[in-house]
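The block underneath contains the structure these notes are about, expressed in structure tokens.
The values are calculated or read from the model by the stated rules, or taken from the named source; none is laboratory data. Model, not experiment: these values are computed from the prediction. Every residue, glycine as well, gets a Cβ built from its backbone with ideal geometry; the counts of neighbours run over all protein chains shown. Areas reflect the complete protein model, heavy atoms only, side chains present, ligands, DNA and RNA absent. Shrake-Rupley method; radii C 1.70, N 1.55, O 1.52, S 1.80 Å.
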Amino acid sequence: MRTPTRQQSLFEPPHRREAALRQWSSQNGGTPATGLQQAPVRAGGSGNTMKPMFLDGTAGGVQQASEARTLTGAGAYAVLETRVKNAQAAEARLDAVEQKLAEELAIIGPLLTPEERNAFIQSFRTEHAAAYTARDAAVGELADHLEAEGANIEAYLKDVQGISPYMLGLHAVPVQQALMLVADSPRAATAVAYLNASENQLLQQLGDPAGQYLEQDVYGPAINATLTSALASGQSSDNAIAGVTALIQQMPEGVQERILGADPKVMLGALASVASGNVGALKNLAAEAGKLGTPGATALVSAALSMAMIQSPELLQDPAALNLLIQPLGNAGMTASAVSMALKGVGSVVTRIGFQSELGGAPMLLGKLGTILGAATSGLRVLNLLSQADRNNGTYLQVGAQAVGGIVSTASVFGLVGGPLGIGVAATTFVLTELGKAWEKGIHREEAAKASIERATQLGIPDAQMRVNLGFNYGTQVRELASLGIDYQRMNEIIPRFTDTTRLALLAQGLELSPEEVGRVLDLVVPPGTNSTVEVTGFNLLMGLYQQARTANPGGTPEQLVAWMRNNAPPPLHGGSGYLFMGSMLNLLASAQ
């Protein structure tokens, strides 16, 4: 078998891809593909010939379907349409719930203590728990219908084709949507089985370019969902890998080749090695996937990364190390897609076991949730770097931030982001920061602020109005001060008078200052008391000297930087308050080292 040609263009941000499909639809809607009347492709065919999935669900053929209700399988098709709409609505409600929680946390989260945040999230989750079970139930009913009525649905599409081949692509839209929904669920195998059934080969005849998207939107997510669902249910990593391997073997040969390459043993061997605890094998897997450059191969890397974050999270706490493991993918879009999909998988598993403690994987996962959170945060930091390098990857960062937000929420419910778990506290702070950045521009600010005040007040959290006002009006400053360990009461004194928190954070991080030491620095910059004078001039002088120290000592330790600053500080020639301030500050920094 030949090695498939690398196709980097598939790894575009989802919104760009959907826009392209809508444009394709408007220009080519109803146009039959070349060879549409040929005999169905056999189960071992390439499987890469399918018309575009109209992801926005607005294709005119959905409405036109009512014209042919007397055709064979019309009843089964009608039920399919209804169940697709039900599942989409349940998915949309769940997305809205997750977004609402993210928005509320973006405003008030950094201003809450760990105990208050736990109570806040627990209250939210309890209020909206039905959204999670409703989504699973709706997708399960859709999967049941595909299993029971697949032949009748296919018969309906064949009758439509017989009447007018020009209508077939549009009438296939609900089937395509059903497959996407089921593939990204614990019932993923049902979607693959439907496409592979000998009597359900009609969709395989429809033309490119969406055959490539079939791999990205059905086969790829099915791989990740199968593996993560197995781990959530308590299966061993070996059994989970066996399930994924069996799933891939059910796919058409052409799809298998695009996922595994010419020699399946190479990638499956690397996957098995990751499952056995050898996280370093991710690098080999990523290198092979990078050669293929396909969505299916990238999905396999995502599945392996999800498994590693769940099975061996303690080995993935460093974002630099994680980045080295997946760097061989080469393409930044592929890397962002792989990490984002992995975080989504881990977030789904953790959220699921958080509300279904009867699942077999719950004891093991909950026992290491703190380190799983750290590994997921490491992945989010990698996404953050990728989005800074290329704005087109920002969509993946938002997906990752929401997924990790779900992990934070579950960890908070179980009290795992406070107390002695320092990694949990650090990870939570970073995630809340990223949630704030991700949602700030599109946030329903007034609604979220009102809801945050109401929930905090109901829980008896003091100063709810004041905290929300701070988070609403000074989001950036609040997040930066929270990352430095400053409590909301001190923030309320500082922020209205001093907003240069970004440079303060750089100083604190560069000199590795503890929260107590940052507090003493702030006491000099913004002395307690509303009538005190803010030492802006002295702070500017200090930051200028700090930048000079970094330039003169590249890679210098905090001790070296402070020593250089003390030796090279300008003399207080004018005796001004700024120079006196800098002398006091340098003494403080020296004592902190």
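A few comments on the model shown:
- Any hit, the range 358-374, residues being buried (at least 22 other Cβ atoms within 10 Å of the Cβ), at pLDDT 80 or above and part of a helix (DSSP H, G or I): yes
- Failed item, numbered, when residue 87 is tested on (1) surrounded by 21 or more Cβ atoms within 10 Å (Cβ to Cβ); (2) of a type outside the set (Phe, Trp, Tyr); (3) closer than 19 Å to residue 445 by Cα: (3)
- Candidates are the residues of the range 251-272 that are part of a helix (DSSP H, G or I), out of contact with any Pro (no Cβ under 7 Å at 6 or more places or on another chain) and open to solvent by less than 30 Å² (accessible area, probe 1.4 Å); the one that is farthest from residue 219 (Cα to Cα) is 270.
- Test for residue 544: is it surrounded by 15 or more Cβ atoms within 10 Å (Cβ to Cβ) and not aromatic (Phe, Trp, Tyr): no
- Residue match in the range 498-505 (condition: modelled with pLDDT of 90 or more, closer than 18 Å to residue 593 by Cα and in a helix (DSSP H, G or I)): yes
- Verdict on residue 199 being farther than 30 Å from residue 483 by Cβ and at pLDDT below 90: yes
- Taking the range 133-153 as the range and being touching a Ser or Thr at 6+ places or on another chain (Cβ under 7 Å) and open to solvent by less than 20 Å² (accessible area, probe 1.4 Å) as the test, the residues that pass are 139, 143, 146.
- Within the set 185, 164, 123, the sole residue that is small (Gly, Ala, Ser), within 30 Å of residue 480 (Cα to Cα) and either more than 21 Å from the chain's Cα centre (by Cα) or open to solvent by less than 30 Å² (accessible area, probe 1.4 Å) (or both) turns out to be 123.
- Answer from 552, 482 - the residue that is modelled with pLDDT under 90 and aliphatic (A, V, I, L, M): 482
- Residues that are modelled with pLDDT of 90 or more and over 16 Å from residue 585 (Cβ atoms) are absent from the range 524-547.
Okay, residues lined up against (1) closer than 26 Å to residue 351 by Cα; (2) without any contact (Cβ under 8 Å) to a residue 24 or more places away in the chain:
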{"site": "123", "(1), (2)": "yes, no"}
{"site": "126", "(1), (2)": "yes, yes"}
{"site": "134", "(1), (2)": "yes, no"}
{"site": "139", "(1), (2)": "yes, no"}
{"site": "152", "(1), (2)": "no, no"}
{"site": "171", "(1), (2)": "no, no"}
{"site": "174", "(1), (2)": "no, no"}
{"site": "178", "(1), (2)": "yes, no"}
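- Contact map, the range 521-540: residues that are over 15 Å from residue 490 (Cα atoms) paired with residues that are of a type outside the set (Phe, Trp, Tyr) and assigned to a loop (DSSP other than H, G, I, E, B), Cβ distance under 9 Å, separation 6+ or inter-chain. Pairs shown: 533/527; 535/526; 535/527; 536/500; 537/576; 538/576; 539/500; 540/500.
- Among the residues listed as 287, 308, the single one being of a type in the set (A, V, I, L, M, F, W, C), more than 22 Å from residue 192 (Cα to Cα) and open to solvent by 30 Å² or more (accessible area, probe 1.4 Å): 287
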